[in-house]
Amino acid sequence: MSYILALDLGTTGNRAFLFDQAVNIAGQAYQELTQYYPQPGWVEHDAEEIWNATRSLIESVGNDQVKAIGLTVQRETCLLWDKTTGKPLHRAIVWQDRRTAPFCNELRDRGLEGEIYDRTGLVLDAYFSATKLRWLLDQVKGVDLNNVLAGTIDSWILWNLTDGKVHATDHSNASRTLLMNLKTGQWDQTLLDLFGIPLHMLPSIQPSLSHFGDYAGIPITAILGDQQAALFGQGCDRPGLMKCTYGTGTFLVAHTGSEIVRTDQQLISTIAWTDSDQVGYAIEGSMFTSGACVQWLRDELKMISTAQETAAIAASVPDNGGVYFVPALSGLGTPHWDMSARGAFLGITRGANREHLVRSVLEAIAFQVKEVIDEIEKYSPTPIQKLAVDGGACENDFLMQFQADVLGIAIERPAIRDTTVQGAAFAAGLSAGIWESYDQLVDRRIIDRVFEPSGSDRIQAEFKTWQKAVDRVKRWE
Ligand SMILES: Nc1ncnc2c1ncn2[C@@H]1O[C@H](COP(=O)(O)OP(=O)(O)O)[C@@H](O)[C@H]1O
Ligand SMILES: O=P(O)(O)OC[C@H](O)CO
């Protein structure tokens, strides 16, 4: 029997799944990851904690029959490390971190936004890696840069898995750095000069489905950004197919085939995945804090004890009691791209209670997706009839029903919610030749439940009120 090991190194936590040749889950393990908030708007991860977790996850689920490894990671989060000591030079700066907003504004004032979008398909925002790498380089003045390597989490883990032999990334992760030219699939010298990033520090860029190196003799045969891995796992491999993943943030990604689709710069254009023959592109709506807001209710406000209980709490009241939440805890992504927006509860009156506040947080997650779907519809070849979902927060029945109601389309939830890790396994197994047919892998997936829209007019009115709340918090900082 052959096994495929898939590693999903996410923002909230790291997980490993072992799949057997018949695509059954033969083992799984998970570890939550420490979040560091050194200043308002800053978010950091300890890259060594991610590597240590990776090792222990492999140890707990791996076996001696593993024939291929697939790696998928939180995107944009990046770090510098010393290649002689193998130690990070600073904690990794997480995709949610806003510390480089002033630098982005400076570049915008210099009129560079259009050129950056043309080269990368991305918006000039602190979300992406380039300004974070620049900030890190400014911190390590005096260090011999010839010994320094830079990369996103996939590069860091690959380098460690291969004992410092391979410094590489894949097109889907590289397309999130603001340094890769979307047309050529290579680092763009103009952008490297603009951000002051030396080429020799950066990893080489390889197809997502390719042989990256070996860990303990096992080939690492696929690397993808986590949202692209979910796209792969959901079987979205052509125009018209899209998925929405509800994790720390929510990311709606639509495959656009072999063509780059340029938008009005609300949605971003990115790489879906690549292999040795083909490049697939996608458009994406990125919503920065969704599950993270639920975690915030749990850890900072201490309003709930588990994320799971929010479904029952929200359903225990007939409506939101006039309370609206704006989930701008890391600014706002699509379609606002406002780095200075901040979170807020609005509409609170004396009768508002804990249940209304919790409900308003879940409703806000669904309202954000409605804004993105309205954008995506402009570029969809056919009207959107249903939305395939996955990720930790899609477990929440209240949220999924509310999502169906606000969108007015069916929501299709798979039996295995961890589509990201499943996608990484599919990609690694296909790339290694263990599986042959992508379509067969996708067809075997089981749908757990379809949430049909209830057709409530009240929710459409509430959506408009929520948009009014969003307007109030924009340009706050
Ligand atoms: N039942 C639930 N209802 C709402 N949010 C949930 C639920 N279960 C998990 N979450 C949220 O989902 C996130 C974890 O999902 P996951 O897909 O593992 O995230 P990531 O890949 O970003 O690490 C957490 O932010 C958590 O608060
Ligand atoms: O960790 P996730 O699953 O919320 O995904 C994070 C994204 O990759 C950020 O772009």
For A26, list long-range residues whose amide hydrogen, built 1.01 Å from N in the peptide plane, is under 5 Å from its own amide hydrogen.
-> L18, F19, D20
Relative to the present Cα-Cα distance, how much length would full extension add between V317 and I25 at 0.36 nm per residue of separation?
-> 101.3 nm
Accessible area per residue, Å², the chain with all protein chains present, probe 1.4 Å | 37 Å²
May I ask you to evaluate 6.51 cos²θ - 1.76 cosθ + 1.60, the Karplus curve with θ = phi - 60°, for each residue of region 220-225 and list the ³J(HN,Hα) values in order in whole Hz, giving x for glycine and proline?
-> 8, 10, 7, 9, 9, x
Largest first, how would D237, D109, D214 line up by accessible area (1.4 Å probe)?
-> D109, D214, D237
Distance from region 433-457 to region 19-92 (C-alpha centre basis), Å | 27 Å
Send over the per residue convex hull volume for region 218-347, Cα only, as a whole number of Å³.
-> 168 Å³
Cβ-Cβ FRET estimate between W42 and T190, R0 fixed at 41 Å, reported to 0.05 | 0.90
Assuming R0 = 25 Å, can you tell me the calculated FRET efficiency for the pair Y438 and K183, based on Cβ-Cβ distance, to the nearest 0.05?
-> 0.45
DSSP beta bridge pairing in region 3-227, given as percent antiparallel to the nearest 5 = 65 percent
Calculate I(q)/I(0) for the chain by the Debye formula, one identical point scatterer on each C-alpha and no solvent, and give its log10 at q = 0.06, 0.10 Å⁻¹ to two decimals.
-> -0.24, -0.69
For region 255-304 and region 384-399, distance of Cα centres in Å | 15 Å
Which value, in debye to the nearest 20, gives the size of the charge dipole of the chain about its Cα centre, when Lys and Arg are +1 and Asp and Glu are -1 at the Cβ?
-> 800 debye
Full extension between E309 and R354 adds, at 0.36 nm per residue less the Cα distance, a length in nm of 14.9 nm
Loop only per DSSP, at most 12 neighbouring Cβ atoms within 10 Å: give me the trypsin sites (Lys or Arg not before Pro) in region 242-309, ordered by residue number.
-> K302
By how many nm would the segment from T34 to E300 lengthen if fully extended, with 0.36 nm per residue of separation less the alpha-carbon distance?
-> 94.3 nm
Which value, in Å² and to the nearest 10, is the accessible area of S276 when all protein chains are kept and the probe is 1.4 Å?
-> 100 Å²
Considering only DSSP states other than H, G, I, E and B, which trypsin sites (Lys or Arg not before Pro) in region 42-102 qualify as loop sites with at most 14 other Cβ atoms within 10 Å?
-> K83
Taking only protein heavy atoms and a 1.4 Å probe, the highest-to-lowest accessible-area order of W95, W187 is W187, W95
Percent of C-alpha pairs per 10 Å bin, region 3-227, short to long = 8, 34, 36, 17, 5, 0
So for R0 = 35 Å, FRET eff. of D144-N63 from the Cβ-Cβ r, to 0.05, ends up at 0.25
Options L241, G291, L267, ranked by Cα towards positive dipole end of region 238-342, top entry (Cβ charges) | G291
Span-like helix ranges in the chain, DSSP H, alpha carbon extent 20 angstrom or more, Kyte mean at least -0.5 = 47-61, 354-377
Could you look at the chain and say what percent of its accessible area is carbon and sulfur, using a 1.4 Å probe and all protein chains?
-> 48 percent
log₁₀ I(q)/I(0) of region 185-245 at q = 0.18, 0.20, 0.26 Å⁻¹, via Debye over equal Cα point scatterers, no solvent, to two decimals?
-> -0.87, -0.92, -1.02
Mind listing which GluC sites (Glu not before Pro) in region 383-438 are in a DSSP loop and have 13 or fewer other Cβ atoms within 10 Å?
-> E436
List every residue whose amide H lies under 5 Å from the amide H of R449, counting only residues 5 or more places away in sequence or on a different chain, with H placed 1.01 Å from N in the peptide plane.
-> R413
Considering region 164-275, what Rg and Dmax in Å follow from its alpha-carbon atoms?
-> 15.0, 47
What residues have an amide H closer than 5 Å to that of Y215, excluding those fewer than 5 places away on the same chain, when H is modeled at 1.01 Å from N in the peptide plane?
-> I220
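The values are calculated or read from the model by the stated rules, or taken from the named source; none is laboratory data. Remember, it's a predicted structure, so these values are computed and weren't measured experimentally. Methodologically, a virtual Cβ is constructed for each residue, glycine included, from the backbone with ideal geometry; neighbour enumeration extends over all protein chains shown. Quick note on the areas: whole protein, heavy atoms, side chains included, nothing else; ligands and nucleic acids left out. Shrake-Rupley method; radii C 1.70, N 1.55, O 1.52, S 1.80 Å.
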